[in-house]
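Student: One structure is given below, represented as structure tokens, and several questions about it will come after.
The values are calculated or read from the model by the stated rules, or taken from the named source; none is laboratory data. Small disclaimer: the values here were computed from a predicted structure and weren't measured. Here Cβ is always computed from backbone atoms with ideal geometry, including for glycine, and neighbour counts include all displayed protein chains.
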Amino acid sequence: MRVTEYVTFDAVGLAQLVAQGEVTCAELLAAAHEAVQAVNPQINAVVETWPAGEAPHPGGAPLAGVPFLVKDIGVSMAGRRMELGSRLAAGNVARTDSSLAVRLRRAGLMTFGRTATPEMAYSITTEPVLYGATRNPWDPERSAGGSSGGAGAAVAAGVVPIAHATDAAGSLRIPAACNGLFGLKPTRGRVSMGPDSDEVFSGLAVHGSVSRTVRDSAVLLDQILGPEPGDPYSARQPSRPYAQEVTRPPGRLRIAVLTHAWGGRRTTAPVTDALSRTAGLLESLGHQVEEADVPLGAGWEEYVLAHARLFTAHLAATVDEVATALGRPVDPSTLEPVTLAGYHYGQQTSAAQFAAALTVRNRVARSLAHCFETHDILLTPTLPELPAPLGTHTDGAHTPDGPGWIDHVFSRSPFTMPFNTAGTPAMSVPVTTDSRTGLPIGMQFAAGYGREDLLFRLAGQLEQANPWVDRTPPIWAGNHTKL
């Protein structure tokens, strides 16, 4: 299969070709490797590939033979490197499979490499010292987002139709928005974090994916959802597969709109224009759309401080664990300035401060839950601005402190984090683009706890009404006709 043909299919479409005997798994994997060679020198999204991929894969699995990439954090695959985007963990090889690795293999996916992440996934841009900056296929001078920036850039450029991503503060939805992709953050407890973790960042982090089509994300979530023995909690199982929800009418939804974010950050003109156009599209589809006041449940400074304590306390524990296991020092030779500052702040966070931060988390979750008593969906921009030029997010990062860096990150992405706090599902949908630059603009839709079904129905409707799959960036594997 030529790369120019390979990039025209989504994951479900590729799996159907394999099932029908029209293409072999080996041919798909070869095309994926060629796609990496074609675009990765320009975007630096893939940090490692494996010639043979993860095989075998079971016949009849819904995604059998589909090339796939995992993020360089969160998924342990025995015998494969997982370096967390950090010099501290450089060369680290996983000894065992995580629960998610097993499920990805059962789904039939042919995992053949790792995508870039910022160090310890501790940023919303992917510009680590270890492997260098990941560039946006729509404009290589701009960020691909983070922390799943490598996944976002790789999918947008046509390397794979879908890739693994994680989301603790928007790390899945932000790259989806920056790269013109679909990305849904599942409900807390929907996908197991085991067996080495019961929950990550006190339940703020989840596993998911970024994809070019809605159905790909739905099918993959169907394959990886559900608890494992010993999980501390789990979300209620859906009544039907999410893949079926994509084609079901959502009905007339009550949609609340939040234009400007909590904390006072103003949304820029290109994004407010895109939000208005999205609201108009929703109204044309029969939905009730109205501006709404959505209380956060905590003051912004209190909110930032609470999450600075949660994030950095967990960061400190992770850094100590890795440093001990690999026998490496924790200093500027192994950690970047913002990570090192967060590590030191996390060491100083007391148990009482950590417990108080969890209380703030609870207040925010309760407050946002009230929104979904009066509305089915909350619509916001995913980001308040267009994808930022590379280097923007790290300006001044040579003199950071723990809370200061979290405040900086949250101010750049104020719409996404609250839904991690609440544990509710939220998705970024590439509804439209900026008319001046052509850059994609993601719109975020959030729903109540456990209501991924509602989000998939709405996403399917939007995809049908305003298709985006044929929008491709200038850096696109399909442009390389010689392959």
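Student: Looking at the stretch 406-425, can you tell me whether even one residue there is closer than 24 Å to PRO186 by Cβ, touching a strand residue (DSSP E or B) at 6+ places or on another chain (Cβ under 8 Å), β-branched (Val, Ile, Thr) and part of a loop (DSSP other than H, G, I, E, B)?
Tutor: Within the stretch 406-425 (the criterion being closer than 24 Å to PRO186 by Cβ, touching a strand residue (DSSP E or B) at 6+ places or on another chain (Cβ under 8 Å), β-branched (Val, Ile, Thr) and part of a loop (DSSP other than H, G, I, E, B)), the answer is yes, since at least one residue qualifies.
Student: Does the stretch 443-459 contain at least one residue that is outside any loop (DSSP other than H, G, I, E, B), farther than 24 Å from PRO118 by Cβ, at pLDDT 95 or above and basic (Lys, Arg)?
Tutor: Among the residues of the stretch 443-459, at least one is outside any loop (DSSP other than H, G, I, E, B), farther than 24 Å from PRO118 by Cβ, at pLDDT 95 or above and basic (Lys, Arg), which makes the answer yes.
Student: Modelled with pLDDT of 95 or more, surrounded by fewer than 21 Cβ atoms within 10 Å (Cβ to Cβ), of a type outside the set (Gly, Ala, Ser) and closer than 26 Å to THR312 by Cα, is that true of VAL70?
Tutor: no
Student: Follow-up. Output the qualifying pairs, or none if there are none: Cβ atoms under 9 angstrom, residues six or more apart or on different chains, first residue in the stretch 377-388 and over 21 Å from GLY450 (Cα atoms), second residue among the acidic types (Asp, Glu) and at pLDDT 95 or above.
Tutor: Taking only residues 6 or more apart or on different chains, the pairs are LEU386/ASP434; PRO387/ASP139.
Student: Let me confirm something: among GLY438, GLY460, which residue is within 13 Å of VAL246 (Cβ to Cβ) and surrounded by fewer than 24 Cβ atoms within 10 Å (Cβ to Cβ)?
Tutor: GLY460
Student: Any chance the stretch 278-294 includes a residue that's of a type in the set (Ser, Thr, Tyr) and under 30 Å from GLN223 (Cα atoms)?
Tutor: Looking through the stretch 278-294, none of the residues is of a type in the set (Ser, Thr, Tyr) and under 30 Å from GLN223 (Cα atoms).
Student: Taking GLY402, is it at pLDDT below 95, over 30 Å from GLU290 (Cα atoms) and either of a type in the set (D, E, K, R) or surrounded by fewer than 14 Cβ atoms within 10 Å (Cβ to Cβ) (or both)?
Tutor: No, not satisfied.
Student: Return the pairs, sorted by first residue and then second, in which the second residue is surrounded by fewer than 24 Cβ atoms within 10 Å (Cβ to Cβ) and among the charged types (D, E, K, R), the first residue lies in the stretch 164-190 and is over 13 Å from GLU452 (Cβ atoms), the beta carbons are less than 7 Å apart, and the residues are 6+ apart or on different chains.
Tutor: Matching pairs, first to second residue: GLY180/ARG471.
Student: Name, by its number, the condition in (1) within 18 Å of HIS260 (Cβ to Cβ); (2) assigned to a helix (DSSP H, G or I) that does not hold for GLY297.
Tutor: For GLY297, the failing item is (2).
Student: Taking the stretch 160-198 on its own, how many of its residues are hydroxyl-bearing (Ser, Thr, Tyr) and under 22 Å from PRO414 (Cβ atoms)?
Tutor: The total comes to 3.
Student: Can you pull out the residues in the stretch 313-336 that are part of a loop (DSSP other than H, G, I, E, B), over 20 Å from PHE201 (Cβ atoms) and not β-branched (Val, Ile, Thr)?
Tutor: GLY327, ARG328, PRO329, ASP331, PRO332, SER333
Student: Mind listing just one residue for me: the one in the stretch 29-67 that is at pLDDT 95 or above, out of contact with any helix residue (DSSP H, G or I) (no Cβ under 6 Å at 6 or more places or on another chain) and aliphatic (A, V, I, L, M) and, of those, nearest to PRO474 (Cα to Cα)?
Tutor: Here the residue is VAL36.
Student: Among the residues that make up the stretch 31-53, is at least one of them within 17 Å of ALA107 (Cα to Cα), over 23 Å from the mean Cα position of the chain (by Cα) and part of a loop (DSSP other than H, G, I, E, B)?
Tutor: The answer is no, given that none of the residues of the stretch 31-53 is within 17 Å of ALA107 (Cα to Cα), over 23 Å from the mean Cα position of the chain (by Cα) and part of a loop (DSSP other than H, G, I, E, B).
Student: Evaluate the stretch 129-147: report whether one residue or more is touching a residue at least 60 places away in the same chain (Cβ under 8 Å) and assigned to a helix (DSSP H, G or I).
Tutor: For the stretch 129-147, residues touching a residue at least 60 places away in the same chain (Cβ under 8 Å) and assigned to a helix (DSSP H, G or I): absent.
Student: Could you check how many residues of the stretch 87-121 are under 26 Å from PRO227 (Cβ atoms) and in a loop (DSSP other than H, G, I, E, B)?
Tutor: Number of matching residues: 9.
Student: Take LEU253 and tell me if it is under 19 Å from SER411 (Cβ atoms) and touching a residue at least 40 places away in the same chain (Cβ under 8 Å).
Tutor: Answer is no for this residue.
Student: Do any residues in the stretch 258-283 that are modelled with pLDDT under 95 have Cβ atoms under 6 Å from those of residues that are in a helix (DSSP H, G or I) and small (Gly, Ala, Ser), where the two are at least six apart or on different chains, and which pairs are they?
Tutor: Listed by first residue and then by second, the contacts come to ARG265/SER411.
Student: So which residues in the stretch 291-337 are surrounded by 12 or more Cβ atoms within 10 Å (Cβ to Cβ) and in contact with a strand residue (DSSP E or B) (Cβ under 8 Å, 6 or more places away or on another chain)?
Tutor: Listed by number, the residues that qualify are ALA292, VAL294.
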